[in-house]
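Bear in mind these aren't lab numbers, they're just calculated from the coordinates by the rules spelled out. Because the structure is predicted, anything quoted here is derived from the model rather than measured. Every residue, glycine among them, receives a Cβ derived from its backbone with ideal geometry; neighbour counts consider all protein chains shown.
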Amino acid sequence: MAKKFIVTYTDGREPDEVAMTMRAMCKAEEVMAREGMNATNESINATARALHCALRFTGKTKQTYADWLESVDDIEPAGTNADTEADPLA
């Protein structure tokens, strides 16, 4: 089951609940590798990139990663994930 996160924004739009799917994680790793970065389990950038990919795959955003990230206020685990300290990419 994909872990879910709540993304809140600085521009007043409604928060998004996003499932971090395997497809989104793989795409984020692919993009990061192309840019010379490592997608480690501790990387907030890897988490954010995977959530952005998931939002793009579901049609919830058309923004580039940089523009989307500029509007993000916070990313938090949703539901039962909030009670764990498990890494989202683990």
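Details
- Neighbour cut-off at most 12 other Cβ (10 Å), DSSP loop, GluC sites (Glu not before Pro), region 2-52: E35, E42
- Sites matching trypsin sites (Lys or Arg not before Pro) across region 1-52 that sit in DSSP coil, with at most 16 neighbouring C-beta atoms within 10 Å: R13
- In order along region 11-28, the Karplus-derived 3J(HN,Hα) couplings, from 6.51 cos²θ - 1.76 cosθ + 1.60 at θ = phi - 60°, round to 9, x, 6, 4, x, 9, 9, 10, 8, 7, 7, 4, 4, 5, 5, 5, 5, 4 Hz, and Gly and Pro are given as x.
- Segment A19..D67, full-extension length gain: 15.2 nm, with 0.36 nm per residue of separation and the alpha-carbon distance subtracted.
- Each Lys and Arg Cβ is given +1 and each Asp and Glu Cβ -1; about its Cα centre, region 3-80 then shows a dipole of about 420 debye.
- Evaluated over the Cα positions of region 3-80, the convex hull gives a direction-averaged projected area, one quarter of its surface, of 5.0 nm².
- For region 3-80, with +1 on Lys and Arg beta carbons and -1 on Asp and Glu, the positive-most of N38, M25, T8 along the dipole: M25
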